[in-house]
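The values are calculated or read from the model by the stated rules, or taken from the named source; none is laboratory data. Fair warning: this is a prediction, and the values are worked out from it, not measured in the lab. Reconstructed Cβ throughout: ideal geometry from the backbone, glycine too, with neighbour counts over all protein chains shown.
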């Protein structure tokens with residue numbers, strides 16, 4: 001008699017898991033669409049991230065969305081990364097040929113990316129998915145990346161018309 005191989009999960013549990021994951025993806029998509037008509041003043045979003053934060057007694061620097069953090073934030077605004085989240089490994093190829101990763105070995109770039117991910121977590125821009133080495137943008141992060149993309153693509157004239 002050969003022992004029967006027992007699959008540890010019932011078919012219903014896989015279906016429920018798949019439904020949960022699909023619903024979360026749909027929710028993220030709906031949140032992205034709803035933020036296109038967000039009335040939050042840009043000043044409020046910028047003020048929240050341009051001040052230093054503390055986490056477990058440790059101080060973390062303020063973000064510079066139009067300075068040294070711009071490249072990283074622009075990379076996170078890629079829609080492909082919003083569907084299933086992103087990992088350090090997924091971000092490194094996009095950062096390697098930029099000033100962020102210039103002249104760094106793979107190991108150094110990985111370490112720098114990890115430190116930056118921690119900084120973004122402390123500021124509430126991204127969140128870590130449970131039991132995974134994967135991250136997702138939070139609603140605050142989506143608002144920030146949308147704001148940054150709109151600001152960087154607008155001309156001075158367009159910005160002046162909006163401010164008037």
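Among the residues of segment 55-69, is any under 16 Å from residue 127 (Cα atoms), in contact with a helix residue (DSSP H, G or I) (Cβ under 9 Å, 6 or more places away or on another chain) and modelled with pLDDT under 90? No. The criterion of being within 15 Å of residue 145 (Cβ to Cβ), modelled with pLDDT under 80, within 22 Å of the chain's Cα centre (by Cα) and part of a helix (DSSP H, G or I) does not hold for residue 26.
Of all the criteria given as (1) over 19 Å from residue 60 (Cα atoms); (2) more than 10 Å from the chain's Cα centre (by Cα); (3) surrounded by 14 or more Cβ atoms within 10 Å (Cβ to Cβ), the one not satisfied by residue 82 is (2).
Candidates in segment 100-126 are the residues that are touching a helix residue (DSSP H, G or I) at 6+ places or on another chain (Cβ under 7 Å) and outside any helix (DSSP H, G or I); of these, the one that is surrounded by the most Cβ atoms within 10 Å (Cβ to Cβ) is 125. Under 28 Å from residue 55 (Cβ atoms), without any contact (Cβ under 8 Å) to a residue 40 or more places away in the chain, over 12 Å from the mean Cα position of the chain (by Cα) and in a helix (DSSP H, G or I) - does that describe any residue in segment 135-157? No: segment 135-157 contains no residue that is under 28 Å from residue 55 (Cβ atoms), without any contact (Cβ under 8 Å) to a residue 40 or more places away in the chain, over 12 Å from the mean Cα position of the chain (by Cα) and in a helix (DSSP H, G or I).
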